[in-house]
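J.: Have a look at the structure that comes next, please.
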Amino acid sequence: MSLPRSSYDPRRVCLLPFPTLALAQHKRSIGVYTAGALFALGNWFFFDAAVLSAHAKPPPDAPYDTVPVHVTFVDWLPGILSLFGLLIVNLIDKERLVGDGGSFGEGGLVWRARLFLFMGFALMAGGLAGSVTVLILKYIVPSYPENFTYYGYANVGQNVGLMLSAVVLWLAQNTSSEYEYRLSL
């Protein structure tokens, strides 16, 4: 069984065509809202863990015991690093990255923009690595109960959400909008 030659397109990979969505004109808006949702969801995970940690009580069968672990500044630090990285990456003018430095004085500007982009992604990667390190060293190695290891998993979830938010916002800002005009003299 084969397709009739009239409906066959040699550029297609799949036999059945993928459905087309009429969202092309709203690509930028969808990307920005998705990035905001990822940012909010990641921070919500961590703030939930911080509030749970602040209100943690010892088990009812041992009311005079202390709670073994709380969310401290060490837990906040990876999220702060990732937030600074997200801000740095998304504040860079994207047109500064594509220059080749051909005109006088422009080579240093392109180089600095690329350096700042690298520093932003390095801060986000450092925040993610820091949150995984805090998860392992503070929550998994001492083998705390599941309700306390949630604090570490929430920290990693926050950093993953911030990194994905930065990438989605970066891609959404690089798409053109129907309201974008190029005026030149």
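J.: Evaluate the distance, in nm, between pseudo-label points positioned 7 Å from the Cα of Leu52 and of Arg96 along their respective Cα→Cβ axes.
T.: Label-label distance for Leu52 and Arg96, simple model: 4.1 nm.
J.: On a 1.4 Å probe surface of the protein chains, which of Leu97, Leu81 comes out largest in accessible area, and what is the full order? Don't skip to the answer; put the middle values down first.
T.: Details: Leu97 25, Leu81 60 Å².
If we order Leu97, Leu81 from most to least accessible, we get Leu81, Leu97.
J.: Pulled fully out, how much extra length does the chain show between Val74 and Asn174, if you take 0.36 nm times their separation in residues and subtract their Cα-Cα distance?
T.: Numbers: separation 100, 0.36 × 100 = 36.00 nm, distance 3.47 nm.
That pair, Val74 and Asn174, stretches by 32.5 nm at full extension.
J.: Can you give the accessible area of Ile136 in Å² (nearest 10), computed on protein heavy atoms with a 1.4 Å probe?
T.: Near enough 80 Å² of accessible area.
J.: Leaving out same-chain residues fewer than 8 places away, which lysines sit with a Cα under 27 Å from that of Lys94?
T.: Reachable lysines: Lys27.
The values are calculated or read from the model by the stated rules, or taken from the named source; none is laboratory data. Since the model is a prediction, treat every value here as computed from it, not as a measurement. Virtual Cβ from ideal backbone geometry, glycine too; neighbours counted across all protein chains shown. Calculation scope for accessible area: heavy atoms of the full protein, side chains included, ligands and nucleic acids excluded. Shrake-Rupley method; radii C 1.70, N 1.55, O 1.52, S 1.80 Å.
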